[in-house]
Structure formats: structure tokens, C-alpha cells
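In what follows, a single structure is set out as C-alpha cells and then discussed.
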Amino acid sequence: MHLGIIGLPQSGKTTIFNVLTRGDQPVVTRGGRFEVHTAVVDVPDYRLDQLSELFKPQKTIFAKVTYGDIAGLGSASGVEISGELLNQLAQMEGFIHVVRCFESPEVPHPSGAVDPLRDIHAMDAELLLIDLIAVERKLERLDDERRKGGGREKTQIEYEIALFQRMQSFLAAEEPLRDMEFSSDEERVLSGYGLLTRKPVSVLLNLGDGQAAPEIEYPHSHCVVASIQGKLEMEIAQLPIDEAQIFLDEYGIVEPGLEKVIRCSYEMLNLVSFFTIGDDEVRAWTVKYGTKALDAAGTIHSDLQKGFIRAEVIPWEELLALGSLAEARTKGKLRLEGKDYLLNDGEIMQVRFAI
Ligand SMILES: Nc1nc2c(ncn2[C@@H]2O[C@H](COP(=O)(O)OP(=O)(O)OP(=O)(O)O)[C@@H](O)[C@H]2O)c(=O)[nH]1
Ligand SMILES: [Mg+2]
């Protein structure tokens, strides 16, 4: 899973990135240069911790999320959104939109004053515009294709023109494409396009030290909103773990930034975790909510999908209480499920397969 951290200049993107990675990328203005820092982050999971304590495997492998800190968005940054920047954005599965709430005389807001709702609208408008330009270019190409003829079937071209025209008017009305409904045929046509407003987005309000989160009415549906004291948490994240805990307690931060951002990421993408248990490794995997056992097996290894016979499934806390897979099997607690079984969050799955 690959998510992009976006936001207007000087909103605190790199600061938040450092919270996630316990890193210390320099937080300085780059004069509008486009750059991306990427980091793979382990998804903290207390369930995996407990399973690993019980089974004492050689390795414990956490699920992973890749975050990219993408500077250069925001018309004020002077970077044109095209080429490489657009490519990077199009590859992301979703965005964490960092919105500046903190006041700082040393770091003046590029637009003069702090106004989170204005900034949310500005970023949304920018993404909408990028999509609108892409859709209009596509319409021009389709129109050419229709006039020249010869290649694809006319009905297919007409079908796509109607689809992109519908998207064009949606975007022109300032509605993001994620709020538009598509048939599965249309989804197929669009699958190759990394349209930005189709991707889910979480708004992360970046607060100053001790600042209370402002009440923000996010303008669109399908959006997770959370807040974080970015600079404070970045400083805490760079401390040794036990010291960090003292500061978190002192500032009354119940859910550290990393966990909060990961939770938002899972929520916005509708993800769940399942686990596999072995002597060598205890491991967490991430799939979309509503994934079938067969496809989940495929995320582990293509052989498990090809040779899939049955899945043995048990909720993690039941296995923890029973103490071992053997015990769960004797007690008949290991359910046998077929390939269409829909996995739930926190289930352990052992795949029986033959190839
Ligand atoms: N007081 C205060 N300053 C902050 C906070 N978050 C970020 N800053 C400061 O704001 C400046 C910009 O932060 P960055 O994290 O570099 O912001 P950015 O969005 O990555 O900026 P660009 O990459 O230049 O667009 C830095 O000097 C940070 O120290 C905060 O919560 N409080
Ligand atoms: Mg930055």
C-alpha cells in the first residue's frame, strides 16, 4: 500500500513524515522544488505482538505501508503539476492531506493567514483541476479517434466519450470523482487512469503545541478527518521509546501520531488485517475489507491461490486463549472455510493447498 502525504507549502508534510518514520528529514523550504521522500513503515499491531509472544517465531513480520512525502503541490509553490510530479501522484492509492492549523511567526503562512478550511478547498480545487485537464485531454483524443475512424469499434469510442463527458461535468461542478458512481464496465475503462480525485483522502489537521483542533466541516463525503500536533510529535518520535512515552503522557497524547495516521489510512482504504502463524514467522497481512479467502491466499503466495483447497480460520483472540493451533484443531475451533469465505479483521488463516 502506497500513500502520498500532500498539502500546501509549509503545512507540515515533512514534519508528519518524520513522525511516521521517526526520521529527521530537514524541514526547510526548498523554494518550490518538487521532491519526494519515501519510507516503508511497519504497521504497529498489538495483536501481532501478543501472537508473537505466544508462538515465539524466528521472525515477526508486520504489515507495511509506504508513505511518500510529496512537496511541490499548491499553485503558490510555483511548481507546475505535470510530468514526474503527476506520475508520482497517480501511483498513490490514497492521500493524507496535511492541513496547516498551527500559527508561527517564524514560518509565515504562504497565503498570509492561517485558514484551514480555505486551504482544504485550495488543495481540493487543485486536484480537481488536474483531473479536469486530464479528462479534457482524453476527450480530445477520443474525438480525434472518432473522426479518423478505422481503429476501435465506434460504439466503444462513443461509450467512452459519454463516460468522460459525464466526468467532465462532474468535475466542472467541483465534485471529486470519488463521489461519482461507475458501473463495473466503466471501472474497467478507467482502471488504467490514475485520476487523483477518485483516490480516497484523509485530512490531517496539523496543530501547534497544545492547540485544540478546530471544528472543520469537510466539504465532501468519504473522508476521514483527524488531527495531530505535528512538530511536538516529531520531537517526541525522535526520543528513545521509554522517554517518548513520558512525554506522550505529559501532553495527554493517547494515540501517538504514527498509530493515528495508520488507523486513518486503514479506515480510508477500508483495509483489514489477517495473520499467518508458523514456527518460522508470525505475520500480518493487509487486504481490503470483504476480500475472499482465495484472494487473501494469493497475497501470501500465488501457489497458495492456484492450489487452494481450504482455509482454516480462527479469530486471533480465540487462538491466543487456546494456546496452540493443535489445541484449536482438537477442540474443533479451527473452522474450515472455502474459497469464497470473506475474511474478517483479526482472523488467523492457514491455507491448505496442493500444487
Ligand atoms: N510551530 C509549529 N511549527 C511547525 C509545525 N509543523 C511544522 N512546523 C514548521 O513549519 C515549517 C514547515 O514544516 P515542513 O514540515 O517542512 O512543511 P512542508 O509542508 O513539508 O513544507 P514544504 O515541503 O516546503 O512544502 C518548519 O519550519 C516546521 O518546523 C507545528 O505544528 N508547529
Ligand atoms: Mg517538505
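Can you give the net charge of the other residues whose Cβ lies under 12 Å from the Cβ of residue 96, counting K and R as +1 and D and E as -1? Each step should come with its number before you reach the end.
Values: positive: 13, 199, 260, 263; negative: 69, 93, 267.
Summing Lys and Arg as +1 and Asp and Glu as -1 gives +1.
Longest exposed-loop-site-free stretch of the chain, with GluC sites (Glu not before Pro), DSSP loop and at most 10 other Cβ within 10 Å?
Value returned for the longest uninterrupted segment is 218-355.
With a sphere of radius 10 Å drawn around the Cβ of residue 201, what net charge do the other residues whose Cβ falls strictly inside it have (Lys, Arg +1; Asp, Glu -1)? Could the numbers behind the result be given before it?
Numbers: positive: 178, 199; negative: 124.
Counting the neighbours of residue 201, the net charge comes to +1.
From the phi angles alone, apply the Karplus equation (6.51, -1.76, 1.60; θ = phi - 60°) to the range 343-352 and give each ³J(HN,Hα) in whole Hz, x where the residue is Gly or Pro.
Going residue by residue, I get 5, 9, 4, x, 8, 9, 10, 10, 9, 8 Hz, with x marking Gly and Pro.
So with the 1.4 Å probe, I'd like the accessible area per residue for the range 146-266, rounded to whole Å². Display every interim value, and only then the final one.
Working: 6700 Å² over 121 residues.
Per-residue accessible area for the range 146-266 comes out at 55 Å².
Where only protein heavy atoms count, and the probe is 1.4 Å, what is the accessible area per residue for the range 272-355 in Å²? Don't skip to the answer; put the middle values down first.
Details: 4250 Å² over 84 residues.
With all protein chains present, the range 272-355 gives 51 Å² per residue.
What aspartates and glutamates could a cross-link reach from residue 64, if we take a straight Cα to Cα line under 12 Å and drop same-chain neighbours fewer than 8 places away?
Output for residue 64: 42, 45.
Straight-line reach from residue 138: which aspartates and glutamates have a Cα under 20 Å away, not including same-chain ones fewer than 8 places off?
80, 84, 126, 153, 158, 160, 174, 175, 181, 185, 186, 187
Where does the chain land at 222 nm, in deg cm²/dmol rounded to the nearest 500, when only DSSP H runs of n ≥ 4 count, each adding -39500 (n - 2.57), divided by all residues? List each step's numbers first, then the result.
Details: 13 runs with 144 residues, N = 355.
Mean residue ellipticity, 222 nm, calculated: -12500 deg cm²/dmol.
Per residue of the range 142-155, in order, report the coupling 6.51 cos²θ - 1.76 cosθ + 1.60 (Karplus, θ = phi - 60°) as ³J(HN,Hα) in whole Hz, putting x for Gly and Pro.
5, 5, 4, 4, 5, 5, 6, x, x, x, 6, 5, 4, 5
Mean separation of Cα pairs under 8 Å and 6+ residues apart, divided by the residue count of the chain: what relative contact order is that in percent?
Details: 587 pairs, mean separation 68.0, N = 355.
RCO, the chain: 19 percent.
Return the sequence-ordered ³J(HN,Hα) values of the range 39-45 in whole Hz as given by the Karplus equation 6.51 cos²θ - 1.76 cosθ + 1.60 applied to θ = phi - 60°, using x for Gly and Pro.
8, 9, 10, 6, 7, x, 8
Please compare each pair in 199/339; 154/199; 59/333; 260/288; 56/292; 13/199 to a cut-off of 23 Å on the Cα-Cα distance and tell me which ones are over it.
Working: 199/339 29 Å; 154/199 30 Å; 59/333 26 Å; 260/288 19 Å; 56/292 29 Å; 13/199 19 Å.
Violating the 23 Å Cα-Cα cut-off are 199/339; 154/199; 59/333; 56/292.
For the chain, compute the orientation-averaged projected area of the C-alpha convex hull (one quarter of its surface), in nm².
Details: hull surface 87.3 nm².
With the hull built on Cα positions only, its mean projection is 21.8 nm².
Share of the chain's accessible area from carbon and sulfur, percent, 1.4 Å?
Values: 8970 of 17960 Å².
About 50 percent, which is the carbon plus sulfur part of the accessible surface.
Could you work out, for the range 267-355, what percent of all Cα-Cα pairs fall into each 10 Å distance bin, beginning at 0 Å and stopping at the bin that holds the largest distance?
Result returned by the calculation: 18, 52, 28, 2.
Treating cross-link reach as a plain straight distance, find the aspartates and glutamates whose alpha-carbon is under 15 Å from the alpha-carbon of residue 231, omitting any fewer than eight places away in the same chain.
In chain and number order, the partners are 24, 103, 106, 209.
The values are calculated or read from the model by the stated rules, or taken from the named source; none is laboratory data. If you're wondering where the values come from, they're calculated on a predicted model, not measured in any experiment. For neighbour counting, all protein chains shown are included, and Cβ atoms are generated from backbone atoms with ideal geometry for every residue, glycine included. Calculation scope for accessible area: heavy atoms of the full protein, side chains included, ligands and nucleic acids excluded. Shrake-Rupley method; radii C 1.70, N 1.55, O 1.52, S 1.80 Å.
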